[in-house]
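Notes for the one structure printed next.
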Amino acid sequence: MKKELLFSGIGGQGVITLGETLCDAAIKAGYNVTFVPFYGQEKRGGRTMCNIVISDGIESPIISEADIMLIFDDRSLGDYQGLVSPNGKLIINSSMVSVEENVPDTVDVRKVPFNDVAVEAGNPKTANVVAMGYIAKLLPEVPFELIQEFVEKSFAAKPKLIPVNIKALSMGYEL
Amino acid sequence: MGEKVFMQGNQAMAESAIRAGCKLFFGYPITPSSEVPEYYAKAMKDRPEENIMFVQAETEVAAFNMVAGAVSTGHRAMTATAGPGFDLGQEAMSFMSAADLPAVVVEVQRPGPGDGEILAAQGDYFSAVKGGGHGDYNNLVLAPYSVQEMCELMQESFELAEKYCNPVVLLTDATLAKMRESVVIPDYKELPKPEDITNSLTGKKGREAHKVATCGDGAVQWEEFNLRLQAKYKRIAENEVRYEAKNMDDADIILVAYGSMARVCESAMKMAREEGIKVGMIRPISLWPFPDVAFEGITGKKFLVVELSAGQMVQDVKLAVENKRDVTFFGKLGGTTPSPKVVLEQIKKLV
Amino acid sequence: MKTIYEKPQVFTDAITTYCGGCGHGIVGKLIAELIDELKLQENGILVWPIGCSCLSDRYYDMDNFMALHGRAPASATGIKRADPSKFVLCYQGDGDMVSEGMAEIMHAAIRSEKFSVIFINNAIYGMTGGQMAPTTMLGQVASTAPYGRETLNSGYPVQMAELMATMPGVVYSERVTVTSPANVAKCKKALKKAFELQLEGKGLSFVEVLSPCPTGWKMAATKSLDYIDEVLTQVYPLGVKKDASKEEN
């Protein structure tokens with residue numbers, strides 16, 4: 001098994017946190033996991049992108065083609081859409097992205113308004129968690145229960161936020 | 001064996017250094033190495049029982065000279081830096097090798113020249129491996145390719161430095177430093193007593209005075225001094241060659257890469273084999289001494305050297321192979337790392 | 001027969017390479033006497049600079065560290081932080097400290113490192129043939145200031161003892177000289193104070209010594225002493241610049 005993922009957005013959207021939580025769950029599921037973050041020079045509001053590789057053996061931490069690509073802003077789409085695998089899935093946060101994608105027809109493009117769903121879940125800040133739920137559905141190799149466990153863990157310091165985030169995660173998964 | 005944790009390269013490496021008994025860290029923060037001094041600064045306060053000492057030096061010049069002073073007392077000490085800081089440390093590298101000081105230096109490569117960028121690169125091979133300082137000296141240079149190997153080689157670096165009384169450079173890059181990966185952090189190690197370290201300055205009580213000195217006194221004395229150093233480098237060269245060779249028996253094309261680039265090449269090798277192209281790989285782990293032996297006697301095969309540079313290690317490969325016309329180079333500059341797919345395209349050009 | 005003076009026990013039998021009339025030897029002897037008196041030989045580490053004193057490891061039968069040019073305070077920091085139980089003495093000249101290593105001494109003072117620093121100020125580069133130092137006097141001839149030091153090109157002499165006195169991390173700063181038996185005695189007293197403050201675990205203790213360099217100055221030895229008393233002390237006045245040893249910590 002080898003899955004290559006690329007998540008990209010703007011600092012503050014929680015794309016990196018999402019990636020790290022997924023990695024934690026994938027490790028617990030027994031895989032080798034690498035996570036390489038790429039930050040812009042600016043500390044806030046700059047772009048953040050990460051490469052994630054989930055595999056049985058040791059693999060390149062730099063991806064060749066994304067099996068799953070998650071895009072949270074216009075510029076990320078322009079910069080990285082060329083890296084999506086012809087048989088891959090391109091997930092675009094349609095609440096944030098207004099430009100049209102330009103990828104081969106074979107790519108499975110999903111446009112999902114993660115921010116709108118987050119508002120529905122009860123907290124607009126949970127858009128990344130909604131996206132996590134959505135990705136969990138596309139990545140059955142990493143059990144949903146483990147992802148849920150690590151989402152809960154990541155809010156251990158703020159237990160009041162756990163219910164809304166679990167709701168957001170489930171809503172993303174059910175989409 | 002400890003528990004598997006998901007940890008960043010720099011941080012895992014810093015924890016391994018602490019567990020190797022390196023309680024002294026002197027450094028100047030520079031991206032992409034800053035998590036190492038940050039880790040030490042936090043550990044110094046959070047773990048008082050471990051007597052950790054972190055000093056933020058005014059410059060890398062000072063940091064390297066602080067390490068020189070600290071290791072002269074028989075205690076383990078290190079610094080971590082990136083290319084521009086390593087440049088400033090070169091004076092001390094030459095000194096520490098000449099003065100038989102067991103210093104450990106982590107260099108996290110980022111693209112130069114000049115101020116450069118803060119992405120991944122391998123353009124500091126020459127300055128680490130060929131010795132960017134003055135005079136005839138060598139650093140023992142180790143190049144890990146995973147977070148696990150960073151941790152293990154980090155610990156071993158201290159032992160090697162003390163065994164040979166010579167600085168050891170752990171050469172990583174921004175990808176390895178920033179990457180998170182599952183890793184088992186090696187355990188705490190038994191430490192030698194400061195008095196048992198060769199020539200350590202512990203006060204001359206009960207023994208002859210020890211001195212750390214590299215000042216020449218005429219050509220005859222200085223030649224002798226240099227020949228003694230050369231004997232040290234020869235001992236290292238004879239005993240510390242490390243490399244990994246994979247799928248060599250039936251390979252038509254042999255990839256040669258180190259560090260994070262080797263990690264990419266390993267995936268490219270798998271992809272090539274899935275397509276029926278017989279690809280093998282040599283991964284130098286000790287860059288000095290360079291694993292010449294890995295290339296000995298190999299004829300009739302093509303070597304593809306892949307680096308994040310304009311071609312530095314490839315020079316050593318050409319010196320090591322039987323026929324340098326067998327060697328092709330593929331390099332990438334500026335901070336992006338070619339993906340396995342891109343390397344595969346290069347492999348196909350040689351078929 | 002009664003012994004009235006003995007060679008300090010810490011001295012080896014090596015003969016120093018200093019020129020006739022040089023001040024290094026006098027200060028070196030005072031250091032040796034104090035090492036004996038304060039019993040520092042077996043628990044001390046001496047850190048030496050690049051300059052005329054760079055063969056000092058041969059003179060003292062104790063652990064020595066011959067630092068890189070200007071870097072002695074950095075290496076001394078490493079030594080003292082690794083093993084605070086040791087007495088650490090950092091000895092530097094004007095080229096080493098004030099030119100090449102200004103950052104290192106300033107930051108050792110900023111961090112309030114717990115070691116003692118002796119600064120030999122002879123206003124010239126003695127070892128390498130009389131080139132201009134940052135402490136060279138205005139108008140003073142040096143091989144790299146053949147018509148005398150000019151402010152337009154080379155700025156002004158640096159007053160280290162006063163500069164160090166402004167640093168909160170420095171516990172003691174004094175400027176002395178070795179031009180007469182009385183001044184030598186004062187020098188020894190200053191060094192002793194500096195060493196004792198270190199042994200008490202206080203911050204950085206600093207002693208600047210105006211030291212004759214007849215060779216570099218192209219002057220007779222006796223005239224060099226007069227030059228210090230009459231000319232150098234005008235720009236580099238003697239005395240205690242700071243003594244925070246009695247203040248509450």
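Here is a yes/no grid of residues against (1) under 21 Å from B:Val141 (Cα atoms); (2) among the acidic types (Asp, Glu):
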position	(1), (2)
B:Ala245	yes, no
B:Ile253	no, no
B:Met269	no, no
B:Glu275	no, yes
B:Leu287	yes, no
B:Asp292	yes, yes
B:Glu307	yes, yes
B:Leu319	yes, no
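Residues being buried (at least 18 other Cβ atoms within 10 Å of the Cβ) and either farther than 19 Å from B:Lys178 by Cβ or in the same structural domain as B:Leu308 (by TED's automatic domain parsing) (or both): count how many of those fall in the stretch B:121-131.
5
Could you tell me whether any residue of the stretch B:259-274 is hydrophobic (A, V, I, L, M, F, W, C), more than 14 Å from every other protein chain (Cβ to nearest Cβ), under 24 Å from A:Ile58 (Cα atoms) and open to solvent by less than 70 Å² (accessible area, probe 1.4 Å)?
No, the conditions are met nowhere in the stretch B:259-274.
Being surrounded by 16 or more Cβ atoms within 10 Å (Cβ to Cβ) and within 14 Å of chain B (Cβ to nearest Cβ) is true for just one of A:Ile68, A:Ile63. Which residue is that?
A:Ile63
Assuming B:Phe6 fulfils every condition listed in (1) farther than 20 Å from A:Pro37 by Cα; (2) in contact with a Phe, Trp or Tyr (Cβ under 8 Å, 6 or more places away or on another chain) apart from one, which condition is it?
With respect to (1) farther than 20 Å from A:Pro37 by Cα; (2) in contact with a Phe, Trp or Tyr (Cβ under 8 Å, 6 or more places away or on another chain), B:Phe6 is out only on (1).
Can you confirm whether the stretch B:35-47 contains a residue that is touching a residue at least 60 places away in the same chain (Cβ under 8 Å) and not in a strand (DSSP E or B)?
From the stretch B:35-47, those touching a residue at least 60 places away in the same chain (Cβ under 8 Å) are B:35-36; that's our starting set.
Subset that is not in a strand (DSSP E or B): B:35-36.
Yes, the stretch B:35-47 contains at least one residue that is touching a residue at least 60 places away in the same chain (Cβ under 8 Å) and not in a strand (DSSP E or B).
Name the residues in the stretch B:184-223 that are within 18 Å of B:Ser97 (Cβ to Cβ), among the small types (Gly, Ala, Ser) and either facing chain C (nearest Cβ under 7 Å) or assigned to a strand (DSSP E or B) (or both), would you?
Listed by number, the list holds a single entry, B:Ala213.
Could you give every pair whose Cβ atoms fall below 7 Å, whose first residue belongs to the stretch B:324-344 and is at the interface with chain A (Cβ under 10 Å from one of its Cβ atoms), and whose second residue is acidic (Asp, Glu), counting only separations of at least 6 or pairs across chains?
Listed pairs, sorted by first residue: B:Gly335/B:Glu117; B:Lys341/A:Glu65.
Name every residue in the stretch A:1-20 that is surrounded by fewer than 24 Cβ atoms within 10 Å (Cβ to Cβ) and farther than 21 Å from A:Gly46 by Cβ, in order of residue number.
A:Met1, A:Lys2, A:Lys3
With respect to B:Ser286, determine if the residue is closer than 30 Å to A:Leu6 by Cβ and either within 14 Å of chain A (Cβ to nearest Cβ) or in contact with a strand residue (DSSP E or B) (Cβ under 8 Å, 6 or more places away or on another chain) (or both).
Judged against the criteria, B:Ser286 is not a match.
Take B:Phe54 and decide whether it is aromatic (Phe, Trp, Tyr), more than 9 Å from every other protein chain (Cβ to nearest Cβ) and not in a helix (DSSP H, G or I). So that I can check it myself, show each step before the final result.
Numbers: aromatic (Phe, Trp, Tyr): yes; more than 9 Å from every other protein chain (Cβ to nearest Cβ): yes; not in a helix (DSSP H, G or I): yes.
Spelling it out, B:Phe54 is indeed aromatic (Phe, Trp, Tyr), more than 9 Å from every other protein chain (Cβ to nearest Cβ) and not in a helix (DSSP H, G or I).
Does any residue in the stretch B:84-106 that is within 16 Å of B:Leu171 (Cα to Cα) come within less than 9 Å, Cβ to Cβ, of a residue that is in a loop (DSSP other than H, G, I, E, B) and of a type in the set (Lys, Arg) six or more places away or on a different chain, and which pairs are these?
From residues that are within 16 Å of B:Leu171 (Cα to Cα), the pairs are B:Pro84/B:Arg110; B:Val104/B:Arg76.
B:Pro32 passes all but one of (1) part of a helix (DSSP H, G or I); (2) away from chain C (no Cβ under 11 Å); which number fails?
Evaluating B:Pro32 over (1) part of a helix (DSSP H, G or I); (2) away from chain C (no Cβ under 11 Å) leaves (1) as the failure.
Pairs under 6 Å by beta carbon, first residue over 20 Å from B:Asn65 (Cα atoms) in the stretch B:133-161, partner aromatic (Phe, Trp, Tyr) and open to solvent by less than 10 Å² (accessible area, probe 1.4 Å), six or more apart or different chains?
As it stands, the answer is B:Ala143/B:Tyr258, since those pairs meet every condition given.
Every residue, every condition in (1) buried (at least 18 other Cβ atoms within 10 Å of the Cβ); (2) at pLDDT below 95; (3) among the small types (Gly, Ala, Ser), yes or no:
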residue: C:Thr128; (1), (2), (3): no, yes, no
residue: C:Thr135; (1), (2), (3): yes, no, no
residue: C:Gly148; (1), (2), (3): no, no, yes
residue: C:Tyr156; (1), (2), (3): no, no, no
residue: C:Leu163; (1), (2), (3): yes, no, no
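Out of all the residues in the stretch B:224-248, which are closer than 30 Å to B:Lys278 by Cβ and either hydroxyl-bearing (Ser, Thr, Tyr) or part of a strand (DSSP E or B) (or both)?
Of everything in the stretch B:224-248, those that are closer than 30 Å to B:Lys278 by Cβ and either hydroxyl-bearing (Ser, Thr, Tyr) or part of a strand (DSSP E or B) (or both) turn out to be B:Tyr243, B:Glu244, B:Ala245, B:Lys246.
Within the stretch B:110-120, does at least one residue satisfy the condition of being out of contact with any Ser or Thr (no Cβ under 6 Å at 6 or more places or on another chain), open to solvent by 20 Å² or more (accessible area, probe 1.4 Å) and within 25 Å of B:Tyr233 (Cβ to Cβ)?
Taking every residue of the stretch B:110-120 in turn, none turns out to be out of contact with any Ser or Thr (no Cβ under 6 Å at 6 or more places or on another chain), open to solvent by 20 Å² or more (accessible area, probe 1.4 Å) and within 25 Å of B:Tyr233 (Cβ to Cβ).
Would you check if A:Val130 is open to solvent by less than 10 Å² (accessible area, probe 1.4 Å), farther than 29 Å from B:Gly335 by Cβ and within 14 Å of chain B (Cβ to nearest Cβ)?
no
Tell me, yes or no, whether the stretch B:176-198 has at least one residue that is out of contact with any Phe, Trp or Tyr (no Cβ under 6 Å at 6 or more places or on another chain) and within 18 Å of B:Phe95 (Cα to Cα).
Narrowing the stretch B:176-198 to residues out of contact with any Phe, Trp or Tyr (no Cβ under 6 Å at 6 or more places or on another chain): B:176-179, B:181, B:183-198.
Still in the running and within 18 Å of B:Phe95 (Cα to Cα): B:198.
Taking every residue of the stretch B:176-198 in turn, at least one turns out to be out of contact with any Phe, Trp or Tyr (no Cβ under 6 Å at 6 or more places or on another chain) and within 18 Å of B:Phe95 (Cα to Cα).
Please work out if B:Leu171 is part of a helix (DSSP H, G or I) and either in contact (Cβ under 8 Å) with a residue 60 or more places away in the chain or touching an Asp or Glu at 6+ places or on another chain (Cβ under 7 Å) (or both).
For B:Leu171, the condition - part of a helix (DSSP H, G or I) and either in contact (Cβ under 8 Å) with a residue 60 or more places away in the chain or touching an Asp or Glu at 6+ places or on another chain (Cβ under 7 Å) (or both) - is not met.
Please return the ranges of strands (runs of 3 or more DSSP E) entirely within the stretch B:57-167 where 1 or more residues are within 17 Å of the chain's Cα centre (by Cα) and within 14 Å of chain C (Cβ to nearest Cβ).
B:77-82, B:104-109
Looking at the structure I just gave you, is C:Ser224 more than 23 Å from C:His107 (Cα to Cα), open to solvent by less than 50 Å² (accessible area, probe 1.4 Å) and touching a residue at least 24 places away in the same chain (Cβ under 8 Å)?
On the way: more than 23 Å from C:His107 (Cα to Cα): yes; open to solvent by less than 50 Å² (accessible area, probe 1.4 Å): yes; touching a residue at least 24 places away in the same chain (Cβ under 8 Å): yes.
When the stated conditions are applied, C:Ser224 passes them.
The values are calculated or read from the model by the stated rules, or taken from the named source; none is laboratory data. Bear in mind that the values here come from a model prediction, so they are computed numbers and not experimental data. Glycine gets a Cβ as well: all are built from the backbone with ideal geometry, and neighbour counts include every protein chain shown. When the accessible area is computed, the model is the full protein with side chains, heavy atoms only, and any ligands, DNA or RNA have been set aside. Shrake-Rupley method; radii C 1.70, N 1.55, O 1.52, S 1.80 Å.
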